[in-house]
1. Which percent of Cα-Cα pairs in the stretch 216-325 sits in each 5 Å bin, short to long?
2. For residue 216 and residue 443, calculate 0.36 nm times their separation in residues minus their Cα-Cα distance, and state this gained length in nm to one decimal.
3. Given the stretch 306-457, report the % of alpha carbon pairs whose separation exceeds 26 Å.
4. Sticking with the crude label model, points 7 Å out along Cα→Cβ, report the distance from residue 163 to residue 224 in nm, one decimal please.
5. Taking the simple approach of a point 7 Å from Cα along Cα-to-Cβ for both residue 291 and residue 264, what is their distance in nm?
6. Sticking with the crude label model, points 7 Å out along Cα→Cβ, report the distance from residue 234 to residue 202 in nm, one decimal please.
Ligand SMILES: [Zn+2]
């Protein structure tokens, strides 16, 4: 299938150079990726998105590591949830209520109107953020994180206020979606009532969420009336759903809070599964890896079918330098949750460290599976390039490097590697056609870069920043460096 050049890429490519000049400031905000949390959030969001007559595949869900409570949508296609919001939820239905409300804003097109009102002032922030996502998309973790943190784009992106009419409209839609999925709107109501005091607070003291989504007594009353009339108003969260929320919260706490705080929030006297999970992670980060391993093994012994416990074990062993021992746990995690690109990549990294021909074949298979799930995952492309190189497949190695660069928004590099790949790939093969497509898509950007005195082989300036959280690696919860998929529509053309 021929590749259609993207409309947006040239603009993004231009912005790369400009961004490198921006000062870098430390920020408490980091884009995070974690297979378990993403799966749980998606399991909350997807039925609501479907109930809104939208396609879950079109809407990306991002997790931001930030203690403040916030949720917002951008571009009508991306939802962002702060870890602070997840930590604040007392029940899954509260979080689902907020997700349903955000879905209501997307379905009603509220963002589009707000953006128009703000006008061009918003555009640079969007571009900057998109670039941050691109850069972060794999490998170039530091650069991406710096871009994300550099000018508080997230705050800017959520720096608009919905009108009262939009808020009430989104509330009503939220209850409609909850009702359509057999769920209660009471969680949303509880959530608002919990923060009712915010209504009377000065604007500046309100949480960002309630600055963007202003609360009012009228609004709460209208929601109350609607929920009272709901058929499913008394439906409670299942024990399984409650456990999933608690496990997300335990994981966030364990990875992102200082370990002493986690031990204090989840004291040894608490032998619940979430408490033991949080402590195992905190112990691993302390770092006391042997104790972390034994605590995680106890969780696995009790729940052998939980993929995330196996993943945590794989991560601990891999980071301890025991890649060979990490293969087993990752293999089991992948068997239990085969649809997770992050787990496939984690497995590939561990197994590739073995270095044998069979190990490399297995790693390549896992990476190809990951790339079928997330075709724009630059980190997976980079790993694939290394493996192809080790296996003596220079054409594929160059093509995969071009793909990685393309998904990082580095068009000159993508162009150069696609050009290098073409003569050694079999003419007319799918890989050859893909290289040809990348060459075509990136041609203009490469010419422009050369003209502007930024030769394609000049490495982009590296920026570093203070990273929050103190997690084992920046932006990483689950053992794989931050890899953020590019928003749908930013480009297309991965037809293999
Ligand atoms: Zn709202």
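1. 2, 12, 17, 19, 13, 8, 6, 7, 7, 5, 3, 1, 0
2. Working: separation 227, 0.36 × 227 = 81.72 nm, distance 5.30 nm.
So the extension gain works out to 76.4 nm.
3. Working: 3689 of 11476 pairs.
Percentage above 26 Å: 32.
4. According to this spin-label approximation, the distance is 2.6 nm.
5. Simple spin-label model gives 1.7 nm for this pair.
6. Result for the modelled spin labels: 4.6 nm.
Since every read-out is calculated from the coordinates, none of them should be taken as a lab result. The shown structure was predicted, so the numbers you read here are calculated from the model rather than taken from an experiment. Heads up, the Cβs are rebuilt from the backbone with ideal geometry, glycines too, and the neighbour counts pull from every protein chain shown.
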